[in-house]
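Please read the structure below before turning to the comments.
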Amino acid sequence: NKTLPNTPTISPALQQFGACVISDRLKFIYIKVAKHAGSSVVLGWLRPTLCPPENKEDTMKGFAGSTFGRNCSTDIFYPAPQQADVFPCNDIPMWKFRDYFVFTSIRSPWSRLVSSYNYCDVKKNTGLDWEEWCVQPEAAGGCPANEYEQHVSNIHYQYPIHWMYHGWHGWHVDYLIRVEDMFAGMTRVAHLVNSRLPVSEPLRLSVPAAE
């Protein structure tokens, strides 16, 4: 579990490298970090589960064929889909990091590096073969990422754990979902989130059927 002392802000590393979504109704925060299956969690699980579309006009495309509602209440899920997928973790009051259930997803460093190489289309954009690039990823000069703008600081190569614990700032998370065992992790998170809710709260976090 978290061990957050009475600090006024989240850790500097999380301020720099993390982005968040939040549900005030279900009292959870998800921390999304590049190349740790964050889009699968936010757009493939959380938004579609908590904000199903009401009709065709309300429907937005999620991740891997999923859909979610355009007009979901922001107390159920924030930010609103018309604004962004995530927002800066530093915008969340520190007391919510202490009181809410906070989780994230992490993948093995090797898998993350492969994902980044493919996502950034390194061979096409730089001419670097995998053998050259994996020795020194910084040689690519960033990540154009297809139609997306160049990263000023390539957060794809940051170690996946250092921002979760930062000296006197303590641990920021209650649970880590291992990307290599996503369904089990999502199932556990749903159970833990729901177990903290009052009986009077009808909304519950569910998990899509296992493939």
Matching residues, the range 60-91, being farther than 16 Å from P48 by Cβ, loosely packed, with under 15 Cβ neighbours inside 10 Å and of a type in the set (A, V, I, L, M, F, W, C):
A84
Which is out of contact with any Ser or Thr (no Cβ under 6 Å at 6 or more places or on another chain) and modelled with pLDDT of 90 or more, of T49, T74, T59?
T74
Looking at M94, M186, M182, M164 in this structure, which one is on the phi < 0 side of the Ramachandran plot, surrounded by 12 or more Cβ atoms within 10 Å (Cβ to Cβ) and modelled with pLDDT under 75?
M164
Could you pull out every one of the strands (runs of 3 or more DSSP E) wholly within the range 1-116 that has 3 or more residues that are charged (D, E, K, R)?
none
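The values are calculated or read from the model by the stated rules, or taken from the named source; none is laboratory data. Being a predicted model, the structure only gives us computed values, none of them experimental. FYI the Cβ positions are ideal-geometry reconstructions off the backbone, even for glycines, and counts take in every protein chain you see.
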